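Novice: Have a look at this one before I ask anything.
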Amino acid sequence: MPGGLHIHKDFKYNCKNISVMFSHALRLKFTVIHIKRQVAEKKEKNEPCRAAPLVITFPGFGLNSSEGLRRRKRDWVIPPINVAENSRGPFPQMLVSIRSDQDQDISIRYSITGVGADQPPNEVFNIDPVLGKMFVTKPLDREHRSSYHLRAHAVDMNGNQVENPIDLYIFVIDMNDNRPEFKNQVYNGSVDEGSKPGTYVMHLSAFDADDNTTANGMVRYRILSQTPHSPIPNMFTINSETGDIVTVAPGLDREKVSQYTIIVQATDMEGNLNFGLSNTATAIITVTDINDNPPMLTSRTFSGEVPENRVDVVVANLTVIDADQPHSPNWNAIYRIISGDPSGHFTIRTDPVTNDGMVTVVKPVDFEMNRAFMLTVVVSNQAHLASGIQSSLQSTAGVTISVQDVNEAPYFPTNPKHIRFEEGVPAGTSLTTFSAADPDRLQMQQTIRYSKLNDPADWLSINRTNGQIVTTAMLDRESIYVKNNIYEATFLATDNGFPAASGTGTLQIYLIDINDNPPALIPKESQICERMNRNVNSVNITAADADTDPNAGPFVFELPNFPTSIRRNWTISRINGDYARLGLRYQIYLEPGMYEVPVIVSDSGNPPLSNRSLIKVKVCPCDENGDCTTLGAVAAAGLGTGAIISILICIIILLSMVLLFVVWIKRREKERQTKQLLIDPEDDVRDNILKYDEEGGGEEDQDYDLSQLQQPDSLEHIISKPPGVRRVDERPIIPESQYPIRPVVPHPGDIGDFIHEGLRAADNDPTAPPYDSLLVFDYEGSGSTAGSVSSLNSSSTGDQDYDYLNDWGPRFKKLADMYGGGDDD
């Protein structure tokens with residue numbers, strides 16, 4: 001084959017070790033490969049067959065009688081190297097021998113590159129750099145990697161390339177080392193009961209990691225077992241190649257067998273049980289329900305009874321049997337009344353748990369109207385019956401319901417009852433007869449008694465036997481108990497049954513208005529200006545009447561004839577039927593003040609009613625806007641000029657007294673500040689040295705020993721203390737000297753003498769510790785620029801200047817006044 005690969009006829013596939021020689025030719029291309037085999041010798045020695053080394057040579061100038069000397073160009077084709085996976089070795093195992101035709105002249109070094117050689121995974125393949133033999137070093141796994149692509153290199157000792165790299169393709173031959181694996185161990189499927197043969201049920205699939213183009217990865221399926229075997233052991237079959245499960249026989253009935261368990265086996269090697277590997281999975285097939293069983297009532301007749309006038313009462317319970325799956329639309333019952341209840345007194349509700357039908361009263365029944373009901377009931381399912389299934393005769397039944405007579409309450413045929421009467425009818429007037437009827441007219445003869453239930457104004461009474469209503473007081477339309485001209489009262493009718501029953505009735509009396517209320521003038525007070533135009537010099541008046549038309553407006557407004565000054569000073573002019581204008585007559589001047597003007601108001605009733613009312617009119621001076629001035633308002637209130645002047649004088653006197661009091665307070669404060677000894681209670685020294693955690697007994701507990709307030713003349717014993725925290729308010733450690741005890745004055749008459757006595761005692765006691773002094777200041781830290789106030793001399797005389805205490809703020813002001821003397825006034 002020109003340009004191809006020549007293989008010796010004795011070459012076998014299972015001879016794996018091949019020797020390859022590189023040939024160096026013009027343009028660095030390869031020529032024909034001549035493969036020679038030596039098989040017979042190996043057979044005679046019973047040795048495994050090995051391929052003779054591949055010899056790659058350039059074709060020389062061959063002798064041909066027809067063509068003469070000629071050079072033919074051939075390509076070098078390297079066949080792929082096949083290596084079986086999971087080989088047991090021994091390792092390393094030689095795969096191929098690579099040689100260059102220049103190794104006779106120079107030293108050649110061989111190497112390989114690529115994945116599996118110098119790239120991860122490294123060192124799966126290696127090569128002898130001198131001999132060119134390539135080895136595999138470990139078992140290969142086709143499922144991990146199915147092929148490798150390497151490149152072989154030939155260089156001299158200096159690293160120079162002497163041959164072009166050649167590509168080596170190594171294919172891992174698959175072996176059946178993986179079982180088929182199902183994705184799930186349990187598969188769930190379903191099929192309707194009554195399905196025909198060939199109905200698809202479910203699909204199972206298994207995966208084999210081996211090569212699916214070979215028998216190693218070709219999986220076939222079969223059913224091992226079916227549980228239960230009803231109605232036959234082989235209700236299902238599986239497609240051996242696709243894994244689809246279908247039915248093969250009729251007879252699926254959920255009411256007999258609701259679930260099948262099938263064991264499915266998957267085997268590779270195209271299902272060859274002798275050589276293939278197998279695995280199993282479980283298929284659970286649920287037979288789903290269809291409505292192939294109509295509901296059947298357990299009886300052809302049912303009965304019940306109900307008291308009259310009762311609702312939401314279950315009077316009968318209908319039981320039903322349905323073989324379909326409980327609590328499904330194929331099982332849930334629906335009941336219908338098809339005859340016997342034209343007025344819709346009953347309905348049938350389904351119990352969601354038991355599926356029973358509960359005949360319930362939804363509209364009251366009356367014994368006097370119907371003593372019994374004969375109902376025809378039919379039951380069906382929520383879902384329609386399956387195709388070909390007929391309804392059962394037992395889906396229809398009769399229900400007899402008896403009505404029980406009970407004592408019914410009397411009722412008022414007209415409720416509420418409306419009547420019309422004029423207001424003002426006298427007590428004892430008969431208005432109407434408000435009687436009730438007893439519905440128990442067939443079996444019970446009863447007596448009805450009447451009573452009053454609600455009468456807000458207590459205007460009515462009712463006869464106990466016949467229900468006649470009589471007034472007990474005069475009816476008044478203007479009463480607060482009358483709403484929209486209607487007075488409403490409620491009455492009770494009670495029979496003598498057992499137990500007694502009662503009914504209520506409402507009587508509504510429409511009261512016709514009569515003219516019994518005179519009009520009242522509005523407003524009661526107003527004001528006008530003494531000198532202004534007529535619009536401001538008058539006030540609009542109207543009237544209010546509790547009656548309604550025609551007994552109210554239009555109104556007539558008049559001024560009385562007596563006293564005569566009223567008509568002389570005032571005038572009334574009509575605006576419309578409800579309003580009039582009251583004002584001063586033209587060129588009439590009245591002194592500012594309050595005036596009471598009588599006005600007679602008459603309504604339009606028949607006969608009309610009149611009312612004399614007083615309106616208080618305030619006459620006052622006004623500004624340009626028509627508003628009363630302040631002075632005018634005071635004057636209009638009835639105060640004369642003298643009274644106004646008196647009020648102003650009193651105000652001035654009060655302001656003067658307040659000013660004098662403020663001046664006195666200021667002067668007293670100034671005097672207190674100029675005094676050297678303060679005697680206010682808040683500044684009392686005795687109060688300032690109280691211990692606040694003790695409860696005293698009064699002035700007797702305030703006899704203090706002031707010797708503890710004395711200050712020593714010298715502070716050397718304190719200054720000479722070691723460095724560190726140094727306090728001048730602690731008891732000195734020098735021996736105490738004896739000094740005469742100062743007599744204690746129980747209650748000094750003057751606070752000044754009390755303090756001077758304490759100062760003299762302190763001056764004469766150089767060892768008195770100041771730690772219980774009048775003011776104790778806590779230590780503020782070492783190096784304080786202020787120091788401690790305990791270092792101040794208690795004596796009122798000396799050369800030390802205490803004026804700097806005035807700069808320490810108000811808290812040290814009193815101390816500065818005591819020792820520094822303060823400023824002289």
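Novice: So S190 passes all but one of these: (1) over 29 Å from L385 (Cα atoms); (2) within 54 Å of the chain's Cα centre (by Cα). Which condition number does it fail?
Specialist: It is condition (1) that S190 fails.
Table: residues versus (1) surrounded by fewer than 16 Cβ atoms within 10 Å (Cβ to Cβ); (2) within 60 Å of the chain's Cα centre (by Cα); (3) on the phi > 0 side of the Ramachandran plot.
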residue	(1), (2), (3)
D105	yes, no, no
I112	no, no, no
P121	yes, yes, no
I127	no, no, no
H144	yes, yes, no
R151	yes, no, no
Q161	yes, no, no
L168	no, no, no
V172	no, no, no
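Novice: Out of (1) in a loop (DSSP other than H, G, I, E, B); (2) at pLDDT 85 or above, the odd one out for L150 is which?
Specialist: (1)
Novice: Right, something else. Between M134, M202, which is closer than 16 Å to G116 by Cα, in contact with a Ser or Thr (Cβ under 9 Å, 6 or more places away or on another chain) and open to solvent by less than 70 Å² (accessible area, probe 1.4 Å)? Write out each step before concluding.
Specialist: Values: M202 fails: closer than 16 Å to G116 by Cα.
Answer to the selection: M134.
Novice: Go through the stretch 309-326 residue by residue and tally those that are open to solvent by less than 40 Å² (accessible area, probe 1.4 Å) and either outside the structural domain of V365 (by the TED database) or within 18 Å of R371 (Cβ to Cβ) (or both). Walk me through how you get there before you give the answer.
Specialist: Looking only at the stretch 309-326, we keep the residues that are open to solvent by less than 40 Å² (accessible area, probe 1.4 Å), and these are 313, 315-316, 318, 320, 322, 324.
Next, from what is left, pick out any that are either outside the structural domain of V365 (by the TED database) or within 18 Å of R371 (Cβ to Cβ) (or both): 313, 315-316.
Total satisfying the criteria: 3.
Novice: Ok, one more. Quick one: would you say R441 is at negative phi, open to solvent by 60 Å² or more (accessible area, probe 1.4 Å), at pLDDT below 90 and not assigned by the TED database to the domain that holds T376? Before you say what the answer is, go through the steps one by one.
Specialist: Working: at negative phi: yes; open to solvent by 60 Å² or more (accessible area, probe 1.4 Å): yes; at pLDDT below 90: yes; not assigned by the TED database to the domain that holds T376: yes.
Spelling it out, R441 is indeed at negative phi, open to solvent by 60 Å² or more (accessible area, probe 1.4 Å), at pLDDT below 90 and not assigned by the TED database to the domain that holds T376.
Novice: Which residue out of S240, S195, S230, S225 is of a type in the set (S, T, Y) and either in the same structural domain as E85 (by the TED database) or part of a strand (DSSP E or B) (or both)?
Specialist: On the way: S240 fails: either in the same structural domain as E85 (by the TED database) or part of a strand (DSSP E or B) (or both); S195 fails: either in the same structural domain as E85 (by the TED database) or part of a strand (DSSP E or B) (or both); S230 fails: either in the same structural domain as E85 (by the TED database) or part of a strand (DSSP E or B) (or both).
Only one candidate qualifies: S225.
Novice: Residues of the stretch 394-420 being part of a strand (DSSP E or B), more than 30 Å from T319 (Cα to Cα) and open to solvent by less than 50 Å² (accessible area, probe 1.4 Å), which ones?
Specialist: Result: K417, I419.
Novice: Further, regarding this structure: Go through the stretch 172-192 and give me each residue that's in a loop (DSSP other than H, G, I, E, B) and out of contact with any Lys or Arg (no Cβ under 7 Å at 6 or more places or on another chain). Walk me through it before giving the result.
Specialist: Initial filter on the stretch 172-192 (in a loop (DSSP other than H, G, I, E, B)): 174-180, 183-185.
M175, N176, D177, N178, R179, P180, K183, N184, Q185 - these are the residues of the stretch 172-192 that are in a loop (DSSP other than H, G, I, E, B) and out of contact with any Lys or Arg (no Cβ under 7 Å at 6 or more places or on another chain).
Novice: While we're on this one: Taking the stretch 550-565 on its own, how many of its residues are in contact with a strand residue (DSSP E or B) (Cβ under 6 Å, 6 or more places away or on another chain) and not in a loop (DSSP other than H, G, I, E, B)? Talk me through it step by step, then tell me what you get.
Specialist: Filtering the stretch 550-565 down to residues in contact with a strand residue (DSSP E or B) (Cβ under 6 Å, 6 or more places away or on another chain) leaves 555-560.
Checking which are not in a loop (DSSP other than H, G, I, E, B) leaves us with 556-558.
Looking only at that region, the number is 3.
Novice: Which residue, of V306, V379, V311, is closer than 21 Å to P439 by Cβ and not in a loop (DSSP other than H, G, I, E, B)? First the steps, then the outcome.
Specialist: Details: V379 fails: closer than 21 Å to P439 by Cβ; V311 fails: not in a loop (DSSP other than H, G, I, E, B).
On inspection, the qualifying residue turns out to be V306.
Novice: Right, V306: of a type in the set (V, I, T), within 16 Å of S392 (Cα to Cα) and surrounded by 18 or more Cβ atoms within 10 Å (Cβ to Cβ) or not?
Specialist: Details: of a type in the set (V, I, T): yes; within 16 Å of S392 (Cα to Cα): no; surrounded by 18 or more Cβ atoms within 10 Å (Cβ to Cβ): yes.
When the stated conditions are applied, V306 does not pass them.
Novice: While we're here: Can you tell which of P294, P329 is of a type outside the set (K, R), in contact with a helix residue (DSSP H, G or I) (Cβ under 7 Å, 6 or more places away or on another chain) and either open to solvent by less than 70 Å² (accessible area, probe 1.4 Å) or more than 15 Å from A397 (Cβ to Cβ) (or both)?
Specialist: On the way: P329 fails: in contact with a helix residue (DSSP H, G or I) (Cβ under 7 Å, 6 or more places away or on another chain).
The unique qualifying residue is P294.
Novice: When you look at I462, is it over 30 Å from T548 (Cβ atoms) and in contact with a strand residue (DSSP E or B) (Cβ under 6 Å, 6 or more places away or on another chain), yes or no?
Specialist: no
Novice: Next question, about the same structure. All but one of (1) touching a Leu at 6+ places or on another chain (Cβ under 9 Å); (2) open to solvent by less than 70 Å² (accessible area, probe 1.4 Å) hold for S461; state the number of the condition that does not hold.
Specialist: Condition not satisfied by S461: (1).
Novice: Anything in the stretch 276-300 that is part of a strand (DSSP E or B) and β-branched (V, I, T)? List them, or say none. Steps first, please.
Specialist: Within the stretch 276-300, the first condition is being part of a strand (DSSP E or B), and the residues that meet it are 278-288, 296-297.
Result: T280, T282, I284, I285, T286, V287, T288.
Novice: Separate question: Please indicate, with yes or no, whether at least one residue in the stretch 532-549 is over 30 Å from N606 (Cα atoms), in a strand (DSSP E or B) and touching a Lys or Arg at 6+ places or on another chain (Cβ under 6 Å). Don't jump to the end; show me each part of the working.
Specialist: Within the stretch 532-549, the first condition is being over 30 Å from N606 (Cα atoms), and the residues that meet it are 532-538.
If we keep only those that are in a strand (DSSP E or B) as well, we get 538.
Imposing the further condition that a residue be touching a Lys or Arg at 6+ places or on another chain (Cβ under 6 Å) reduces the set to 538.
Yes, the stretch 532-549 contains a residue that is over 30 Å from N606 (Cα atoms), in a strand (DSSP E or B) and touching a Lys or Arg at 6+ places or on another chain (Cβ under 6 Å).
Novice: Now, a different point. Could you list, in sequence order, all residues of the stretch 482-520 that are in contact with a Phe, Trp or Tyr (Cβ under 8 Å, 6 or more places away or on another chain) and farther than 20 Å from K417 by Cβ?
Specialist: P519
Novice: Follow-up. Regarding Y487, is this residue in a loop (DSSP other than H, G, I, E, B) and without any contact (Cβ under 8 Å) to a residue 40 or more places away in the chain?
Specialist: Details: in a loop (DSSP other than H, G, I, E, B): no; without any contact (Cβ under 8 Å) to a residue 40 or more places away in the chain: yes.
In short, no.
Novice: Considering each of G398, G424, G467 in turn, give the residue that is among the small types (G, A, S) and under 30 Å from A333 (Cβ atoms). Break it down stepwise before answering.
Specialist: Working: G424 fails: under 30 Å from A333 (Cβ atoms); G467 fails: under 30 Å from A333 (Cβ atoms).
Going through G398, G424, G467 in turn, just one is among the small types (G, A, S) and under 30 Å from A333 (Cβ atoms): G398.
Novice: Quick one: in the stretch 428-473, of everything that is without any contact (Cβ under 8 Å) to a residue 24 or more places away in the chain and of a type in the set (D, E, K, R), which residue is farthest from F491 (Cα to Cα)?
Specialist: D458
Novice: So N551 ticks every box in (1) closer than 22 Å to E423 by Cα; (2) polar (S, T, N, Q); (3) without any contact (Cβ under 8 Å) to a residue 12 or more places away in the chain but one. Which box is left unticked?
Specialist: In the conditions (1) closer than 22 Å to E423 by Cα; (2) polar (S, T, N, Q); (3) without any contact (Cβ under 8 Å) to a residue 12 or more places away in the chain, N551 misses (3) alone.
The values are calculated or read from the model by the stated rules, or taken from the named source; none is laboratory data. Since the model is a prediction, treat every value here as computed from it, not as a measurement. Here the Cβ is made from the backbone with ideal geometry for all residues, glycine too, and neighbour counts use every protein chain on show. These accessible areas exclude ligands, DNA and RNA; they are computed on the full protein's heavy atoms, side chains included. Shrake-Rupley method; radii C 1.70, N 1.55, O 1.52, S 1.80 Å.
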